[in-house]
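> Below is the structure I would like to discuss, written out as structure tokens.
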Amino acid sequence: MRVIGIIAEYNPFHKGHEYLISEARKRVGDPRAIVMSIMSGPLTQRGLPSVAPKHIRARQSLLCGSNVVLELPVEFACAPASEFAQGAVRSLMATGVVTDIAWGIDCSSPELVETLSDPSLYESEQYKEALKDALSSGDSFPLANSKAVLAVTGMTGDGDLKDALKSPNTILAIEYMKAIRKFGAKFKIHMIPREGQGYSDTDHGDEQEFYSASAIRTAIYGTSGTLSQVASAVNGKMPDKAASVMLSAMSCGKFHPADPDAYASRVISCPRNDIQDIRFMGDGLAGYVSNVLNDLRTGEDTFDALSSKLATKHFTMPRIYRALTMMILGIRDDMISKEPMYIRVLGFDHDGRYCLKIMGKCSRLPIIHNYSDFLEHSELKACAGLSLQADDLAGAVMGMPPGYSRDIPPVVV
């Protein structure tokens, strides 16, 4: 049995995701290969709540090609690219059933991704010195990393290399490769060039076949959140089945798309005592955040205004958002696990059910289907609490009651 692991956020599920799943099966040469997606839950790698609840996004994925959907634990989902990739790769390894892994890249050269994921490049003294110099000059880490890589490789930064160093998707691909090498995963790797424009673009125009998740979120956030407006915003941008899942849940009053302004309100009202110990608040970010929030004036409590005030060349916005989210949750580094402690099943179809039976015999970690399963493992108490906190934060900006996720079973298609 071939089982293809796909790491994603599905925030929300779009046509590019559907294409990746279909193309992965073609690359494997088995149209009945199991696709096991592992995705972010309530919080995303960028640090913000997802646009829709995780069980809604899991159902979208299952109706559009996945057979099993797992949740990446929040301590890795809401983290820098390297930690995100390592948590996902180790989770897929721990299932004991994944044979292949596939991801999309924005550059046309898989060989370049392999070159840029060579550990010796980042272990060289030349790289370390160049990185240190760039960081000392005030560059953000992504920019400093790009300069250091260019210094070591002697490349010019044009064409594919420029795309690889600046594209969030290809940066993640490089981190996936580094994680696979670091942990000795035996997956067969399939790197699939993406169709259409760059998938971090927020504006694709009106006549595109593939729209990025960023573009779709921007369209949704540009509405007032009513069903008809959201339906118009996503029309043609998502697979019909994926759009139907979201709109049907909204029509039943189960949620409304995440409200960025509600998130901003949570940030501003959050106590800010001793935040220097909060996860991601190091390197002087704690003092910077406190000063900005203390200086906010009336009318600057919207998400756009808050983001504008916080923007700085010294820290990327995802780094700032991740720190703010950890501040709301009160999470310190010593409160999280450094490696995956469990495998959380969000949903499955008929073929996925069979795969999960096999995984139950092969998995190296406890498999969690329902929240109550956490209670059977005393070592997972902290993980369970963090998972519920993250669900409640995302739920609060989607109009969902506290504790809503406790009683939601895995989605079955």
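> Restricting to helices (runs of 4 or more DSSP H) lying wholly in the stretch 308-413: which have 3 or more residues that are touching a Cys at 6+ places or on another chain (Cβ under 9 Å)?
Values: elements: 317-329, 350-362, 371-374, 381-396.
Fully inside the stretch 308-413 and qualifying: 317-329.
> For the stretch 1-29, how many residues meet the condition of being surrounded by 19 or more Cβ atoms within 10 Å (Cβ to Cβ) and of a type in the set (Ser, Thr, Tyr)?
Of the residues in the stretch 1-29, 2 are surrounded by 19 or more Cβ atoms within 10 Å (Cβ to Cβ) and of a type in the set (Ser, Thr, Tyr).
> Just one of the numbered conditions (1) free of Cβ contacts under 8 Å to residues at least 40 places away in the same chain; (2) farther than 28 Å from Asp407 by Cα is not true of Ser265; which one?
Unmet for Ser265, out of (1) free of Cβ contacts under 8 Å to residues at least 40 places away in the same chain; (2) farther than 28 Å from Asp407 by Cα: (2).
> Filter the stretch 341-386 down to the residues that are hydroxyl-bearing (Ser, Thr, Tyr) and at pLDDT below 95, then identify the one that is surrounded by the fewest Cβ atoms within 10 Å (Cβ to Cβ).
Ser378
> Oh, and also: Scanning for something in contact (Cβ under 8 Å) with a residue 60 or more places away in the chain and more than 21 Å from Asp334 (Cβ to Cβ), does the stretch 268-286 turn up at least one residue?
No, because not a single residue in the stretch 268-286 is in contact (Cβ under 8 Å) with a residue 60 or more places away in the chain and more than 21 Å from Asp334 (Cβ to Cβ).
> For Val113, only one of the following conditions fails: (1) farther than 27 Å from Met326 by Cα; (2) assigned by TED's automatic domain parsing to the domain that holds Tyr354; (3) crowded, with 21+ Cβ neighbours inside 10 Å. What is its number?
(2)
> Note down all Cβ pairs under 8 Å where the first residue falls in the stretch 94-111 and is touching a residue at least 40 places away in the same chain (Cβ under 8 Å), the second is surrounded by 21 or more Cβ atoms within 10 Å (Cβ to Cβ) and of a type in the set (S, T, N, Q), and they're at least six residues apart or on different chains.
Qualifying pairs under 8 Å: Ile105/Thr170; Asp106/Thr170; Cys107/Thr170.
> Of all the residues that make up the stretch 372-413, how many are more than 23 Å from His256 (Cα to Cα) and of a type in the set (Phe, Trp, Tyr)?
So the count comes out to 1.
> Consider Ser137 carefully, then state whether it is modelled with pLDDT under 95 and under 25 Å from Glu339 (Cβ atoms).
no
> While we're looking at this one, here's another question. Mind counting the residues in the stretch 205-228 that are outside any loop (DSSP other than H, G, I, E, B) and more than 26 Å from Gly47 (Cβ to Cβ)?
Qualifying residue count, the stretch 205-228: 2.
Table: residues versus (1) of a type in the set (Gly, Ala, Ser); (2) in contact with a helix residue (DSSP H, G or I) (Cβ under 7 Å, 6 or more places away or on another chain).
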residue: Asp277; (1), (2): no, no
residue: Asp304; (1), (2): no, no
residue: Ser307; (1), (2): yes, yes
residue: Pro318; (1), (2): no, no
residue: Leu324; (1), (2): no, yes
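> Can you confirm whether the stretch 41-63 contains a residue that is among the aliphatic types (A, V, I, L, M) and farther than 28 Å from Asn235 by Cβ?
No, every residue in the stretch 41-63 fails to be among the aliphatic types (A, V, I, L, M) and farther than 28 Å from Asn235 by Cβ.
The values are calculated or read from the model by the stated rules, or taken from the named source; none is laboratory data. The structure displayed is predicted, hence computed values, not measured ones. No Cβ is skipped: glycine too gets one built from the backbone with ideal geometry, and neighbour counts run over all protein chains shown.
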